[in-house]
Amino acid sequence: MAKLYFNYSSMNAGKSTMLLQANHNYLERGMKPQIYTSDLDNRFGQGEIVSRIGLKEKSNIFSTKTDIYEEILIFQNNNQVDCVLIDEAQFLTKNQVAQLGRIVDELNIPVLAFGIRTDFQGNLFEGSKFLLAWADNLKEIKTVCHCGRKATMVLRLNEDGTIVSDGSQIEIGGEEKYVSVCRKHFQEKDIGTS
């Protein structure tokens, strides 16, 4: 029986690496996964998932207008789809999370979504909110704060390394822009450099 999985964490916990490993495992067994990433994350070009440790793979792209269910239905009609892997799942819309549920429930295809739970202000992303509510299986991928506690939050930095508290929810970046911290250091706005 297929399930909808949501693997979530703060920044820099290895989500893309885990997705690429799952993709490799399916391919190694002669199976056909379909992988997706958001059109918003273009740090490495469009249509490619790249992990911090250097793994990468070509990918389908989703925008807020993409009907993922319909795309998978077309892939399924032309070629077997054994699994759907979604990177940057926090950028999914509520409707797209519902589509992932349909892929699982109607097409009996497992869906593994990987994303960030909260933004730099501690608010849930839309995709994460509905994945947390509707997924069959939730798994937290852990990373650590500079103090050694589990990092569950992120702080955003500007170009000169100053913590930013206001701004757009979505601003693409990596280690140069975001620092994963525990709740205590999120509240204190402490990135551990002093």
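A residue that is of a type outside the set (D, E, K, R), more than 14 Å from the chain's Cα centre (by Cα), assigned to a strand (DSSP E or B) and over 15 Å from L131 (Cα atoms) occurs nowhere in segment 1-23. From the set of residues in segment 165-194 that are at pLDDT 80 or above and under 23 Å from S38 (Cβ atoms), which is surrounded by the fewest Cβ atoms within 10 Å (Cβ to Cβ)? Among those residues, the one meeting the criterion is Y178.
Highlighted here are the helices (runs of 4 or more DSSP H) found entirely within segment 78-194 that include at least 2 residues which are in contact with a helix residue (DSSP H, G or I) (Cβ under 7 Å, 6 or more places away or on another chain): 94-107, 126-134. When residues in segment 82-98 are screened for being touching a residue at least 24 places away in the same chain (Cβ under 8 Å) and surrounded by fewer than 21 Cβ atoms within 10 Å (Cβ to Cβ), 5 of them pass. Somewhere in segment 55-77, is a residue over 24 Å from K142 (Cβ atoms), in contact (Cβ under 8 Å) with a residue 40 or more places away in the chain, of a type in the set (F, W, Y) and out of contact with any His (no Cβ under 8 Å at 6 or more places or on another chain)? Yes: one or more hits. Condition first: under 12 Å from the mean Cα position of the chain (by Cα) and of a type outside the set (A, V, I, L, M, F, W, C). Now tell me which residues in segment 127-138 satisfy that. Once the filter is applied, which keeps residues that are under 12 Å from the mean Cα position of the chain (by Cα) and of a type outside the set (A, V, I, L, M, F, W, C), segment 127-138 yields G127, S128. Annotation: of all residues in segment 7-56 being closer than 19 Å to V81 by Cβ and modelled with pLDDT under 80, the one that is surrounded by the most Cβ atoms within 10 Å (Cβ to Cβ) is I49.
The values are calculated or read from the model by the stated rules, or taken from the named source; none is laboratory data. Since we're looking at a predicted model, the values are computed, not measured. Methodologically, a virtual Cβ is constructed for each residue, glycine included, from the backbone with ideal geometry; neighbour enumeration extends over all protein chains shown.
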